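In what follows, a single structure is set out as structure tokens and then discussed.
The values are calculated or read from the model by the stated rules, or taken from the named source; none is laboratory data. Worth saying up front: this structure is predicted, and the values here are computed from it rather than measured. As a convention, Cβ positions derive from the backbone with ideal geometry for all residues, glycine included, and neighbour counts pool all protein chains shown.
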Amino acid sequence: MSVSTQSIFKSIESNQLLGSTDLKKAREKWGKPGRDGVDDPYKLARWLAVNHYLSLYQADKLLLEKPEDLVVGPYRVKSRVETEPMAGWLLAEDNLHRQVYLQPVAAGKNAASPSLAEIVKTATGFRNTQVVAVLGLIGDRGREYLVRDFFSGDSLQNLVERKATLGALPVAKLFSLLFNAVAALTEKGIHPGELELDSFWIGPTPGSKSASPTKTVRIIDAGVPAGLLHPADSKSHLQGQAIAPAEAVFRLAAGMYQTLTGVVPYPDYAAGTKPWTSAGSPPAPIATLRRDLPESIAHFLDGLLHPESAGKTESPAHAAKQLRVLISAEEHSAAQAEEAGLSHQSLISAGTAHGARSLPDAEEENLSAADKFLHSTRHWLESMGIFTRDLIVFTAGALAFLFLLIVSLIFFKLDLVPFLCFGLGAGFGYAVERFFRSAEAALPVAEVSPSEENLAAG
């Protein structure tokens, strides 16, 4: 049976890819009189995708006459993820349009690993803000899929590869959240994921509906060991088996180092050719690559990545606590420095407001002759009680008066001499009045004794 426009609409209806209202609307719009190629299934499929009735993935499957690939249990598949580490995952949604990821389980993996259902059951009961939740395990037409909650964003790996600028302290805060999440996972006996940069995704905080939602980080592959879902890759240390707490700390520290510097600290370990306990020489001190990283945090990170730390029984919870304390101390120091800076600035402003010199003597000596003249003129005007606002008002008034004179001359042909004399007299009178006012304000105020004050009151 060859594909046709009628078979496409029939597949959409039978597989419930569209609601009845949307399907009726799509039929009516497509079948309007005068449409070119109304019986062309390829034009129909493209039209449905362009007008957002279907995704491109769904349109391609209908043209290939594989509508069954678009339905997995209660979910309708929208697209297939092509980028690592989620390559092969399906993006789907349920009848309420809630999006999920469907992670395929390799054929025979469930039979070979009877504990998979129990592991998934344990993972589904775990909830953490920094971990993409596992929602269950479903089977359909002989295939099984792990259902994960949906989370949009970008991985740290992509940000590092694009050389995105990330602040030192924000990165430390981000990994503090990750250390906490891994500590919670290991405490419950749940697999924390591969703990690589492409497993850590930055995206909007779930539930945030503001115009500029806050960002958070989440681990997308935690819950079930990768080796139980698909064949292990060539990396011997990433076969999806249990990860010791100390190695989890090492991987997180390596990820933090790479995020801050763009440099992989232990290439042999990352390539899977060496275990983490003998990964090679330590990397360059991070302070030499990121000078904006606080010294205490730099020392903390260098200690976690030093080969001697391999023998320590460091736990993610302990590392998370240490990092939180260091970040808190740095933020407190920064707040104190900022407060001290504001206090100093306030003192300078207060001194200027009370007549203090606004420029140090050393700076005044470096001024040009024109700058000195303007500076002294400004001080003289202010001592006379004439400030910038007065000059602006006076200038605006003078320009307005000049404009009225010109209009009077053009339209009414009036003699300008009386008006000009009136304006000059008003301006001179204003200047004299300001002079006497400032002179009176400069006179010292005599102290009044209590008896004189009572006499004045009487």
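Report whether or not Asp302 is in the same structural domain as Thr186 (by TED's automatic domain parsing), under 29 Å from the mean Cα position of the chain (by Cα) and outside any helix (DSSP H, G or I).
Values: in the same structural domain as Thr186 (by TED's automatic domain parsing): yes; under 29 Å from the mean Cα position of the chain (by Cα): yes; outside any helix (DSSP H, G or I): no.
When the stated conditions are applied, Asp302 does not pass them.
Could you list, in sequence order, the residues of the range 70-108 that are in contact with a Leu (Cβ under 9 Å, 6 or more places away or on another chain) and among the charged types (D, E, K, R)?
Arg76, Lys78, Arg80
Select from the range 180-189 the residues that are closer than 22 Å to Ser115 by Cβ and surrounded by fewer than 22 Cβ atoms within 10 Å (Cβ to Cβ) and list them in ascending order.
Ala184, Thr186, Glu187, Lys188, Gly189 - these are the residues of the range 180-189 that are closer than 22 Å to Ser115 by Cβ and surrounded by fewer than 22 Cβ atoms within 10 Å (Cβ to Cβ).
Within the range 190-221, can you find the residues that are at pLDDT 85 or above and of a type in the set (Val, Ile, Thr)?
Ile190, Ile202, Thr216, Val217, Ile219, Ile220
Which one of the conditions (1) modelled with pLDDT of 90 or more; (2) over 16 Å from the mean Cα position of the chain (by Cα); (3) outside the structural domain of Asp221 (by TED's automatic domain parsing) does Ser176 fail to meet, given that it meets all the rest?
Here Ser176 meets the rest and fails (3).
Determine whether Gly255 is in contact with a strand residue (DSSP E or B) (Cβ under 9 Å, 6 or more places away or on another chain), modelled with pLDDT under 85 and surrounded by 14 or more Cβ atoms within 10 Å (Cβ to Cβ). If you could, list the steps in order and put the result at the bottom.
On the way: in contact with a strand residue (DSSP E or B) (Cβ under 9 Å, 6 or more places away or on another chain): yes; modelled with pLDDT under 85: no; surrounded by 14 or more Cβ atoms within 10 Å (Cβ to Cβ): yes.
So Gly255 does not fit the description; no.
Going by the conditions given, is Leu56 free of Cβ contacts under 8 Å to residues at least 60 places away in the same chain, over 17 Å from Arg98 (Cα atoms), aliphatic (A, V, I, L, M) and touching a helix residue (DSSP H, G or I) at 6+ places or on another chain (Cβ under 9 Å)?
On the way: free of Cβ contacts under 8 Å to residues at least 60 places away in the same chain: yes; over 17 Å from Arg98 (Cα atoms): yes; aliphatic (A, V, I, L, M): yes; touching a helix residue (DSSP H, G or I) at 6+ places or on another chain (Cβ under 9 Å): yes.
Yes: the conditions hold for Leu56.
Out of everything in the range 31-47 that is within 42 Å of the chain's Cα centre (by Cα) and of a type outside the set (A, V, I, L, M), what residue ends up being surrounded by the most Cβ atoms within 10 Å (Cβ to Cβ)?
First, the residues of the range 31-47 that are within 42 Å of the chain's Cα centre (by Cα): 42-47.
Next, only the ones that are of a type outside the set (A, V, I, L, M) stay: 42-43, 46-47.
Values: Tyr42: 13, Lys43: 15, Arg46: 15, Trp47: 18.
The qualifying residue surrounded by the most Cβ atoms within 10 Å (Cβ to Cβ) is Trp47.
Would you mention how many residues in the range 1-12 are surrounded by 14 or more Cβ atoms within 10 Å (Cβ to Cβ) and part of a helix (DSSP H, G or I)?
Counting residues in the range 1-12 that are surrounded by 14 or more Cβ atoms within 10 Å (Cβ to Cβ) and part of a helix (DSSP H, G or I) gives 6.
Could you tell me whether any residue of the range 127-144 is free of Cβ contacts under 8 Å to residues at least 12 places away in the same chain and polar (S, T, N, Q)?
No, because not a single residue in the range 127-144 is free of Cβ contacts under 8 Å to residues at least 12 places away in the same chain and polar (S, T, N, Q).
Out of the residues in the range 79-100 that are in contact with a helix residue (DSSP H, G or I) (Cβ under 7 Å, 6 or more places away or on another chain) and over 14 Å from Tyr145 (Cβ atoms), which is surrounded by the most Cβ atoms within 10 Å (Cβ to Cβ)?
Start the filter on the range 79-100 by keeping residues that are in contact with a helix residue (DSSP H, G or I) (Cβ under 7 Å, 6 or more places away or on another chain), which leaves 79-80, 84-85.
From the residues that got through so far, the ones that are over 14 Å from Tyr145 (Cβ atoms) too are 79, 84-85.
On the way: Ser79: 13, Glu84: 12, Pro85: 18.
Filtering first and then ranking leaves Pro85.
Among what's in the range 224-243 and is within 20 Å of Leu178 (Cβ to Cβ) and surrounded by 15 or more Cβ atoms within 10 Å (Cβ to Cβ), pick the residue that is modelled with the highest pLDDT.
Looking at residues that are within 20 Å of Leu178 (Cβ to Cβ) and surrounded by 15 or more Cβ atoms within 10 Å (Cβ to Cβ), I get Val224.
Working only within the range 255-299, note down all residues that are in a helix (DSSP H, G or I) and of a type in the set (Gly, Ala, Ser). Don't jump to the end; show me each part of the working.
If we filter the range 255-299 for residues that are in a helix (DSSP H, G or I), which is where we start, we get 255-261, 267-271, 276-278, 286-288, 295-299.
Gly255, Ala270, Ala271, Ser278, Ala287, Ser296, Ala298, listed by residue number.
With respect to Tyr57, determine if the residue is assigned to a helix (DSSP H, G or I), aromatic (Phe, Trp, Tyr) and within 30 Å of Val134 (Cβ to Cβ).
Values: assigned to a helix (DSSP H, G or I): yes; aromatic (Phe, Trp, Tyr): yes; within 30 Å of Val134 (Cβ to Cβ): yes.
Here the answer is yes, as Tyr57 does meet what is asked.
Please work out if Phe151 is farther than 24 Å from Tyr257 by Cβ and among the hydrophobic types (A, V, I, L, M, F, W, C). Lay out the reasoning, then the answer.
Numbers: farther than 24 Å from Tyr257 by Cβ: yes; among the hydrophobic types (A, V, I, L, M, F, W, C): yes.
Yes, satisfied.
Quick test of your reading of the structure: Leu63 fulfils all but one of (1) out of contact with any Asp or Glu (no Cβ under 6 Å at 6 or more places or on another chain); (2) surrounded by 13 or more Cβ atoms within 10 Å (Cβ to Cβ); (3) closer than 28 Å to Asp154 by Cα. Name the failing condition by number.
Result: Leu63 fails condition (3) only.
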